[in-house]
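The values are calculated or read from the model by the stated rules, or taken from the named source; none is laboratory data. Model, not experiment: these values are computed from the prediction. Glycine also receives a Cβ, built like all others from the backbone with ideal geometry; neighbour counts cover every protein chain displayed.
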Amino acid sequence: METAIDLLADWMQHARFDPTEVQREHAVVRQELADGLVQRNRVVWELFEQTIYQVHPVRHPTIGYLEPLSRLTREDLVAFYRSRYVPNNQVFVVVGDVDTEKVLAAVVRHWTGTPRGPETLVPMPTEPPQLTPREAVRQMEGKMVDMILAWPTVEL
């Protein structure tokens, strides 16, 4: 457990963003974006999210979009990291057969002295009530049909 906490602390507190690795990961994400355009399960899920959510950011794919990714620089990544990957934005969860006192001591040992970051609460817009059915259709090649049915429940 100590090794895992040590590794997590190092990743969270000392990310380097090596320029070569940033470039390599850019290429990986660009390929994943291209692959997602033809993967039926991704297409139907993204279409669902864009249809069910009108204003909430969850309507956007986690991986993002190609155009903003193309503009993203290493400096942008570092700035985001420094503003968001800070102790006051972290939740540390451990599940399993562990000694709670040892885990807490290790977490305190590795995070004590790590400065808080800026408060970065981003207000989430409230979805307008859905008063009529919404539907979306996208044609794709193949003989299969993918479909999602959903009903509004609790707010995000």
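Taken as a whole, the structure leaves residue 107 outside the set of residues that are outside any helix (DSSP H, G or I), in contact (Cβ under 8 Å) with a residue 24 or more places away in the chain and farther than 24 Å from residue 49 by Cβ. Restricting attention to the range 114-146, the residues being within 25 Å of the chain's Cα centre (by Cα), exposed (fewer than 10 other Cβ atoms within 10 Å of the Cβ) and under 22 Å from residue 52 (Cβ atoms) number 3.
Of the residues 122, 145, the single one that is farther than 30 Å from residue 82 by Cα, among the aliphatic types (A, V, I, L, M) and part of a loop (DSSP other than H, G, I, E, B) is 145. Only one of the numbered conditions (1) surrounded by 11 or more Cβ atoms within 10 Å (Cβ to Cβ); (2) at pLDDT 95 or above; (3) charged (D, E, K, R) is not met by residue 101, and that is (1).
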